[in-house]
Every structure is written in C-alpha cells, then in structure tokens.
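Heads up: the structure comes next, in structure tokens.
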Amino acid sequence: MAPLQTLAHEPSYPLEPDHELAKALVASGEIRSLDQTLTELLRHCDAELLDAHLYQSDGQWRYDLYIKFRQGIVQSLLVDASNAALISPDKLPGDCLPDEATAR
C-alpha cells in the first residue's frame, strides 16, 4: 500500500479507498469518521443513512452520502470528509433546521 501522503496528492481522479485506508485516514486526522460527519451534518435532521462512499477527487477526500429524509425524500449529499462541510447541494432540506426551542 502506498503511503498516505502519496495518495493524498494524486491527480484529480476518483479513488475509493478500502476500509483499512479509511481507518488510517481517520487515525491520522486527515478526515473525520463517517459517524462524526453524520452526527455533525445531520444533528437537526430526522434522517436515515442509506449508503456512503469515501473517495478522493482533486486532492480532497469526500463522502458521497445517500440520505432518506423524514418526508421520504432520498437525496445525495457531497460532503468534505476533512471538516463535514456540505459541498452539494448548498443546503439541507428545510426540515433539518433547528426548531426555536433548540436555537434559544
């Protein structure tokens, strides 16, 4: 297996790592775990994870998540694996906003 530094700086083609590489990336602090990412991203959502893939594109690790939201809508979310920032779409569905009691 190539060193993490080599993989992290490859040209921009999708690379889907195996489980051991993903664990090594989390252990090195280069990415957040899927559990951490879901907890932060979906903290105000009533949603269920259907599928998830970790891959590298343009030197960045990303999660491609398939989420089923409360209304039964299934949506693909592209998330920066290093900080859990939503890349696409630009915002979560409206029912993922914190309610007034939580916001106070």
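The values are calculated or read from the model by the stated rules, or taken from the named source; none is laboratory data. On a predicted model such as this, the values are computed, not experimentally measured, just so you know. Every residue, glycine among them, receives a Cβ derived from its backbone with ideal geometry; neighbour counts consider all protein chains shown.
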*Quick check: anything in the range 28-35 modelled with pLDDT of 90 or more, surrounded by 14 or more Cβ atoms within 10 Å (Cβ to Cβ) and either of a type in the set (Lys, Arg) or more than 30 Å from GLY72 (Cα to Cα) (or both)?*
yes
*Residues that are of a type in the set (Ser, Thr, Tyr): find the strands (runs of 3 or more DSSP E) completely inside the range 38-95 holding 2 or more of those.*
47-57, 60-69
_Residues of the range 51-66 that turn out to be at pLDDT 95 or above and among the aliphatic types (A, V, I, L, M), as a count_ = 1
*Can SER28 be described as touching a helix residue (DSSP H, G or I) at 6+ places or on another chain (Cβ under 7 Å), polar (S, T, N, Q) and in contact (Cβ under 8 Å) with a residue 12 or more places away in the chain?*
yes
*Tally of residues being surrounded by fewer than 14 Cβ atoms within 10 Å (Cβ to Cβ) and either under 16 Å from SER33 (Cα atoms) or of a type in the set (Ser, Thr, Tyr) (or both) across the range 80-93*: 3
*asked:* Just to verify a result, which residue in the range 36-79, among those that are within 9 Å of the chain's Cα centre (by Cα) and without any contact (Cβ under 8 Å) to a residue 24 or more places away in the chain, is surrounded by the most Cβ atoms within 10 Å (Cβ to Cβ)?
replied: ASP64
